[in-house]
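Peer 1: Attaching a single structure in structure tokens format; questions to follow.
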Amino acid sequence: MVYSGPADIASPRKLQSKYLARQGLSESKIAVKKQIKQANSLLVKACHTSLSIDIDWNSFEKIDAKTTPGMLTNYLNSLSKLCEQDKDYQTEIQSIDTIRVKASDKDATNNVTRNNKVLMISLAKNAPNVTETSYTDLIDTL
């Protein structure tokens with residue numbers, strides 16, 4: 001038996017929306033700010049520290065990627081996991097004062113660097129699998 005009806009496009013749409021949500025990409029800048037605030041409060045609780053978050057919104061708006069900073073939630077969640085898993089990472093994270101976020105110069109690559117007490121994160125709007133790569137990027141940087 002062969003089915004010859006119209007294709008069900010609801011499933012691919014659901015899959016795409018789940019992927020975008022997993023990436024931290026929301027429908028608006030306001031929703032992104034709420035996500036970041038929520039993830040930051042979890043970080044404060046898990047790591048017993050508060051960090052200043054400095055997002056260069058203009059760099060994202062210039063490349064028409066105003067919701068891309070939502071990917072930061074994956075990095076904040078990964079920092080929280082590291083604090084819960086390892087006391088050495090927790091001590092290292094507690095030594096960070098500021099997280100600076102800007103749009104990446106590279107098309108599909110996020111980048112994490114550290115300069116003393118500042119963690120710098122560059123986010124690309126087409127970066128794949130941010131949930132997984134954020135964790136490994138932070139391990140490699142801290």
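Peer 1: For a quick protection proxy, order the peptides 36-42, 25-31 by their average other-Cβ count within 10 Å, most packed first.
Peer 2: Details: 36-42: 16.7, 25-31: 14.4.
Averaged packing, sorted descending, gives the order 36-42, 25-31.
Peer 1: For Arg114, what residues show an amide H to amide H distance below 5 Å, using hydrogens built from the backbone and excluding near sequence neighbours?
Peer 2: Those lying under 5 Å, H to H, from Arg114 are Met120.
Peer 1: In the neighborhood of Leu82, defined by Cβ-to-Cβ distances under 11 Å, what is the net charge if each Lys or Arg adds +1 and each Asp or Glu adds -1?
Peer 2: Details: positive: Lys81, Lys87; negative: Glu84, Asp86, Asp88, Glu92.
Neighbourhood net charge equals -2.
Peer 1: Separate question: Measuring with a 1.4 Å probe in the full set of protein chains, what accessible area per residue, in whole Å², belongs to segment 84-142?
Peer 2: Details: 3380 Å² over 59 residues.
Per-residue accessible area for segment 84-142 comes out at 57 Å².
Peer 1: Here is a further query. How large a share of the accessible area of the chain, in percent, is made up of carbon and sulfur atoms when the probe is 1.4 Å and the other protein chains stay in place?
Peer 2: Values: 4380 of 8730 Å².
Reported share for carbon and sulfur atoms: 50 percent.
Peer 1: Extension gain Ser28-Met120, at 0.36 nm per residue separation less the Cα-Cα distance, in nm? Please report the intermediate quantities before stating the final value.
Peer 2: On the way: separation 92, 0.36 × 92 = 33.12 nm, distance 2.32 nm.
Contour length minus Cα-Cα distance gives 30.8 nm.
Peer 1: State, to one decimal in nm, how far the label point of Ser50 lies from the label point of Asp105, with both points 7 Å from Cα in the Cβ direction.
Peer 2: Output for this residue pair reads 3.5 nm.
Peer 1: Given Cβ point charges of +1 (Lys, Arg) and -1 (Asp, Glu) and nothing else, what value in debye, to the nearest 20, does the dipole of the chain about its Cα centre take? The partial results should precede the final answer.
Peer 2: Numbers: 19 positive and 16 negative charges, 98 e Å.
Its charge dipole is roughly 460 debye.
Peer 1: Follow-up question, since we're still on this one. When the helices in the chain are scored as -39500 (n - 2.57) per DSSP H run of 4 or longer and the sum is shared across all residues, what 222 nm value do you end up with, to the nearest 500 deg cm²/dmol? Don't jump to the answer; show the numbers that get you there.
Peer 2: Values: 6 runs with 73 residues, N = 142.
Using -39500 (n - 2.57) per qualifying helix, the result is -16000 deg cm²/dmol.
The values are calculated or read from the model by the stated rules, or taken from the named source; none is laboratory data. Remember, it's a predicted structure, so these values are computed and weren't measured experimentally. Cβ coordinates were reconstructed from backbone atoms using ideal geometry, including for glycine residues, and neighbour counts include every protein chain displayed. Note: areas computed on protein heavy atoms with side chains; ligands, DNA, RNA excluded. Shrake-Rupley method; radii C 1.70, N 1.55, O 1.52, S 1.80 Å.
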